[in-house]
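The values are calculated or read from the model by the stated rules, or taken from the named source; none is laboratory data. Every value quoted in this text rests on a predicted model; they were computed, and no experiment measured them. Cβ coordinates were reconstructed from backbone atoms using ideal geometry, including for glycine residues, and neighbour counts include every protein chain displayed. Please note that ligands, DNA and RNA were not included when accessible areas were found on the heavy atoms of the full protein model with its side chains. Shrake-Rupley method; radii C 1.70, N 1.55, O 1.52, S 1.80 Å.
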Amino acid sequence: MESCNCIDPQVPADDLLMKYQYISDFFIALAYFSIPLELIYFVKKSAVFPYRWVLVQFGAFIVLCGATHLINLWTFRIHSRTVAVVMTTAKVLTAVVSCATALMLVHIIPDLLSVKTRELFLKNKAAELDREMGLIRTQEETGRHVRMLTHEIRSTLDRHTILKTTLVELGRTLALEECALWMPTRTGLELQLSYTLRQQNPVGYTVPIHLPVINQVFSSNRAVKISPNCPVARLRPYAGKYMPGAVVAVRVPLLHLSNFQIYDWPEVSTRSYALMVLMLPSDSARQWHVHELELVEVVADQVAVALSHAAILEESMRARDQLIEQNVALDLARREAETAIRARNDFLAVMNHEMRTPMHAVIALSSLLQETDLTAEQRLMVETILKSSNLLATLINDVLDLSRLEDGSLQLEAATFNLHSLFREVLNLIKPVASVKKLSLTSHVASDLPMYAIGDEKRLMQTILNVVGNAVKFSKEGCISITAFVAKPESFRDARIPDFLPVPSDNHFYLRVQVKDSGSGINPQDIPKLFTKFAQNQSLTRNPAGSGLGLAICRRFVNLMEGHIWVESEGIGKGCTVTFIVKLGIPDRSNEFKLPFVPKVPGNHGSTNFAGLKVLVMDDNGVSRTVTKGLLMHLGCDVTTASSSEECLRVVSLEHEVVFMDVCTGLDGYELAVRIHEKFTKHQDRPLIVALTGNTKKVTKENCMRVGMDGLILKPVSVDKMRGVLSELLERRVLFESV
Amino acid sequence: MTMDVVQLQRKLREHQAAMFQQGFLDDQFSQLQKLQDESTPDFVIEVITMFFDDSENLLKNMARCLEQVPVDFKQIDAHAHQYKGSSASIGAARVKNVCATFRAFCEAKNLEGCMRCLSQLQQEYSLLKNALQYLFNLQQQIKAAGGSIPTQ
């Protein structure tokens, strides 16, 4: 073969290709041997790799592939049989392992894909956790801001400071360009710019409350983004050049102001809101973040709470001040009351020790003087002194009684008394005073009024005397009328006493007494003051010099007697009417006939039996003469009658103690009186001459007194009246009924 | 017998109450009744009878005086005064009031007023007389039936 030179040029081409295959096989073997090393490294790194057996197979596969390529290096030259056997064995093993690995991969590829999916999931989860961590940090910072803001806002209870602090802190925390607070006006129809962060003196700038943007904000409890161009947001020209900052608005709940009596706040009755407007800086790309909006909302709520606390504090401060004032007033009132009590006690001591005793002396001496020989005029004067002294003594006793009335120690003394006789006594006591003032005094006691009643006679008389005495005192002219009757249930339905509806029964009734005068009258506005003791109001013309004491006592007595008293007057100069109702008991009928019939006549003349008293009646009117005679005979008198002056003068004798004569017929009666005086020269022998007249003119009385008559009686004359008249005449030898 | 007495007593009470209510009588009449007792059982009737006689005489005299020419107002006033006293004594309130008006017209020498008052007086007296006579008639019937006359 070596001697053949014809195939020698083909050897270089085969040699070059063989070199290339030789180098490639080497690198292939190198790569194949390095892959297991990488796999081992990877498996060590990932401790959770679940397919170690597959990895071993794969490693074996790779190593065998590398071995086959390495063995190829010896197959390019003539090789021995050993090399061929080794080559065959290697390739067979590689084939077996390759097929096994391929079959195994069919099973693990889905698992590997699943692992990949899980890896992506975990990656996303990590990203999410990262965002949540960021959010948590952001919220933590927001919470810190809120706590700081809340601390600042609620560190004061002054409304102005609360609102100003809110704006300043919000501006600082959120880096705002402007922040404004709009408050509702008093009418509740507008919002007024009340506070701003930067703009100075925002006074008088108002917007209607019914703007759509305002309704939108007020209808939500969240912070609402609004247009920078709306009226509540455009507070001043833009600070920037390009675009205004983003604006949000939130409502701030205000108090139910009607629940708090805060007078300097707008008086709106429905729930209302203030409006807070916040602006981000102009020319910035900033937008409102969710956490910033939440911050704004929380702050608005805190402001509402703080304002509420401020209002409550203001109210409590006002209440405290009011209580302090009241305590001062109470202390002053207490000291005044103590002073008044001391003054009253001193006054009562003076009344008791220094005034009552001399008054008793005046009364006693006047009574003694009354028993001496006096002319009719002198007797009238002494009677007046005596009556006035008695009235004054009554007033002194009134003052002493008033103190007992006030401390509740005065008790009524109920006893059976003659009611009709009581009114006669009142008249007898008041007539002298009334006659001095030339007042006409009339009395009408209803016939159905019980003769006897159970009650405190002294206090009842005192009350009537007080009322009638006042009427006499404050009347310069005219007439005074006293009316007494049983109060009927229908008369209780009076607007003046709406709660006074007592009902009479078998053992008690209600006496109604009305005293009417034509005196100076009272201003209706001053009537309530009449019952206030010691009232010295100068405007009370009815009490120019009075103490106002009597009516206060009257009211207390009447109230003790389960009654009511009131005063009516149409005004100054229109007279006055005093009315009172008192409850009185009715004596048992079985005891009625056992009561001693003893009328209350003052003096020693206790007997009402006029048996044997010789009386001469002169009256030219047959009917009147007969009635008067019957009346006197009924009382037990021995009556002689005359129908003319001549007959009377002829019949009158020393035996007659009283002569009643009618003086209505011109001067005949007066002439008769003069002639009777001439007939009896000694005063003690002369009979008492009493005029009977229906004439109410003053001149009649004056004429009677001038001609020396001893009395004047107004007709008609009732049985009781005549009985009283005779007792009075025989006791005092003078009796002029007021005309 | 008992039923009749009770009815008569009730009728008497009602009639008397009506006379008071209508103003024919006043409290003086009650006083007059009080004066009647065992010693003077017919006191009221005696006084009323005397009043009737006086009234008729006075009314006749006043009528005659008013017919005279010239009219003597002073004399008429004296009669009216007398009549006023009589009516007041027995409690004839309406008659008494007309007398007072009559005297005012006499004072003013108002003939027309006097004529009107006289006519009114005659009417009032007639009404009063009929009522009082009925009252006394009832009292007589009660006495005849054996009952007692009730007090007011």
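A few points about this structure:
- Charge sum, other residues only, whose C-beta stays under 14 Å from A:Q326's C-beta, Lys/Arg counted +1 and Asp/Glu -1: 0
- Accessible surface, the stretch B:42-143, averaged per residue in Å² (probe 1.4 Å): 48
- Summed side-chain charge close to A:Q139 - residues other than A:Q139 whose Cβ falls under 12 Å, Lys, Arg +1, Asp, Glu -1: -3
- Rounded to the nearest 0.05, the FRET efficiency derived from the C-beta distance between A:D506 and A:L374 at R0 = 45 Å is 0.35.
- The modelled label-to-label distance for the pair B:Y134/A:W74, using points 7 Å beyond Cα in the direction of Cβ, is 17.9 nm.
- FRET E, pair B:Q122, A:L649, Förster distance 41 Å, beta-carbon r, rounded to 0.05: 0.65
- Model label sites at A:A319 and B:H15, defined 7 Å from Cα along the beta-carbon direction, differ in position by 8.1 nm.
- Positive minus negative residues near A:A126 (Lys, Arg vs Asp, Glu; Cβ under 13 Å): 0
- In loop segments of the stretch A:69-155 as defined by DSSP, the trypsin sites (Lys or Arg not before Pro) with at most 11 further C-beta atoms inside 10 Å of their C-beta are A:R77.
- 3J(HN,Hα) along the stretch B:78-89: 4, 5, 4, 4, 4, 5, 4, x, 5, 5, 5, 5 Hz, from the Karplus curve 6.51 cos²θ - 1.76 cosθ + 1.60 with θ = phi - 60°, whole Hz, x for Gly and Pro.
- Förster-model FRET efficiency, 35 Å R0, A:L330 and A:N559, C-beta, rounded to 0.05: 0.80
- Peptide A:630-642 is shielded by partner chain Cβ atoms: per residue, an average of 2 of them sit within 10 Å of its Cβ.
- Cα-Cα over 21 Å, subset of A:K431/A:K458; A:K516/B:K96; A:K45/A:K116; A:K574/A:K721: A:K516/B:K96; A:K574/A:K721
- Estimated distance in nm for a label pair at B:T40 and A:A285, the labels positioned 7 Å out from Cα along Cα-to-Cβ: 13.5
- Accessible-area composition of the stretch A:11-127, carbon plus sulfur, in percent [1.4 Å probe]: 74
- The A and B chains share an interface that buries close to 1500 Å² of accessible area, total over both sides, probe 1.4 Å.
- Buried on assembly, the stretch B:59-95 (at least 40 Å² less accessible surface than by itself, 1.4 Å probe): B:H81, B:Q82, B:S89
- From the alpha carbon centroid of the stretch A:78-155 to that of the stretch A:275-344 is 64 Å.
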